Amino acid sequence: MTTIYDIAEKTGFSITTVSKVLNNYTDVSEKTKKKVLAAVEEMGYFPNSHARTLTTKKSWTLGVVFMESLGGGMKHPFFNAVIESFKQRAELSGYDMLFVSRNIQNEKKSYLDHFQYRGVDGVVIVCSVVDDPEVKKLMESTLPTVVIDMHSTKSSVVYSDNSHGSVLAFDYLYALGHRKIAHIYGHQETFAGTERLKGFLKAAEKQKLDIPKSYIVSGEYFSIEGGEKAMHTLLSLEDPPTAVYAAGDNMALGAMKAIRAKGLKVPEDISVVGFDDIEIAKHLNPALTTVRQNMDLIGSQAADVLLSQINEKRKTSVAITIPVELLERDSCMPIKG
């Protein structure tokens, strides 16, 4: 196997000079660079990112930001599936992923500082909160960015039609005869949480159905525990709901757990609808009726938008809304009587 020592011997340059060329240092003449790179090509040394970076002026690395302060992140099945789709699409174009934290070598850095330090070609932002100053700084920079599941005019964005998904869920329960419809909403610092709550209220207004404030309960950060806690609150009401729409499948799972703990059945006593269509939803007993997000399409579209900016060397603010659909399974039934 050819080594850096072989390149140095072939060109007559020192190992230090060859290393500088391979790492794109600026204090090396163009003549020296050309001679070293010619030897690299001739001898088949480093058929990887070093030589490619020098010839293309790209790092072939994409940064990935997850909001850490709210928990969740990669643990959530939705974001896990989306980033896997994004990764597969980016890898087809030769890119690697760099997942970051704001901590690097025990020194606090902003996301932008971190990515500039690492020299990434672009950044995908997932699982973020609205108006986070560090994320805004990143989106407003010249670095190509795409944001998943959040709206912005400063960056390209890809997200599901969250509000319409809530309308689909509400209208479905209403069509089954339910009038006591509760909503377990997601964290209101997230775009998805706010949009899904807006859609629920919009659908109720359209049907001229007055929803008591006690029927709208926080499920915290889209967690099973948050959904379970919220459902216990709803079940403790003097006049509990006959149907519940949870703004995330994890919260719906928690709600079903609380319903069973109360000695009640889904859907015989309470109908439940979720949002996401995570993998486990169809395997539950009963299988969960839910609003399906096209996670593969969200991830691949986000990758395409980001790579387009990188290739065209032009930051854009494209907004792509991915359609959703209601999947009818077994967790809902018409109201009794």
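Could you tell me what percent of the DSSP beta bridges with both partners in the range 196-337 are antiparallel, to the nearest 5? So the antiparallel bridges amount to about 35 percent of the total. Pairs with C-alpha atoms separated by more than 19 Å, drawn from the list Lys198/Lys336; Lys206/Lys229; Lys154/Lys198; Lys198/Lys282; Lys229/Lys262; Lys58/Lys315, are Lys198/Lys336; Lys206/Lys229; Lys154/Lys198; Lys198/Lys282. A simple rule links phi to the HN-Hα coupling: the Karplus curve 6.51 cos²θ - 1.76 cosθ + 1.60 with θ = phi - 60°, which for the range 275-289 gives 8, 2, 6, 5, 4, 6, 4, 7, 9, 6, 10, x, 4, 7, 5 Hz, with x for Gly and Pro.
With only the Cα atoms considered, the range 210-337 has a convex hull volume of 137 Å³ per residue. The residues packed around Met150, meaning those with a beta-carbon under 12 Å from its beta-carbon, carry a net charge of -3 if Lys and Arg are +1 and Asp and Glu are -1. Between Ile320 and Val157, Val158, Tyr159, the built amide H atoms are under 5 Å apart, and every one of these is 5 or more places off in sequence or on another chain. Highest GNM mean-square fluctuation among Gly199, Gly254, Gly263, for the chain modelled with Cα contacts below 10 Å: Gly263. The phi-based Karplus calculation (6.51 cos²θ - 1.76 cosθ + 1.60; θ = phi - 60°) puts the 3J(HN,Hα) values of the range 218-228 at 6, x, 6, 8, 6, 9, 4, 4, x, x, 5 Hz, whole numbers, x for Gly and Pro.
Close amide-amide hydrogen proximity is noted between His178 and Ile335, each under 5 Å apart and 5 or more residues distant or on a separate chain (H modeled in the peptide plane; Pro and chain starts excluded). Calculated accessible area for the chain comes out at 48 Å² per residue, all protein chains present (probe 1.4 Å; ligands, DNA, RNA ignored).
Between amide H atoms placed 1.01 Å from N, distances below 5 Å from Val123 occur with Gly63, Thr145, Val146, all of them 5 or more places distant or on a separate chain.
Taking the protein heavy atoms of the chain in the context of the full set of protein chains, the accessible area attributed to carbon and sulfur is 50 percent at 1.4 Å. Highest mean packing first, where packing is the average number of other Cβ atoms within 10 Å per residue, the peptides 300-309, 314-323 line up as 300-309, 314-323.
With both residues required to sit in the chain, DSSP beta bridges show an antiparallel share near 15%. The GluC sites (Glu not before Pro) of the range 263-337 that DSSP puts in a loop, and whose beta carbon has at most 16 other beta carbons within 10 Å, are Glu268, Glu328. When the chain is described by a simple charge dipole with +1 on each Lys and Arg Cβ and -1 on each Asp and Glu Cβ, the residue from Ala192, Val123, Leu209 located farthest towards its positive end is Val123. Shown in residue order for the range 261-268 are the 3J(HN,Hα) couplings computed by the Karplus curve 6.51 cos²θ - 1.76 cosθ + 1.60 at θ = phi - 60°: 5, 7, x, 9, 10, 10, x, 4 Hz (x for Gly and Pro).
The values are calculated or read from the model by the stated rules, or taken from the named source; none is laboratory data. Note that the structure is predicted; figures quoted are calculated from it, not measured. Using ideal geometry, Cβ is built from the backbone for each residue, glycine included, and neighbour counts are taken over all protein chains shown. Heads up: the accessible areas ignore ligands, DNA and RNA and are worked out on the full protein's heavy atoms, side chains in. Shrake-Rupley method; radii C 1.70, N 1.55, O 1.52, S 1.80 Å.
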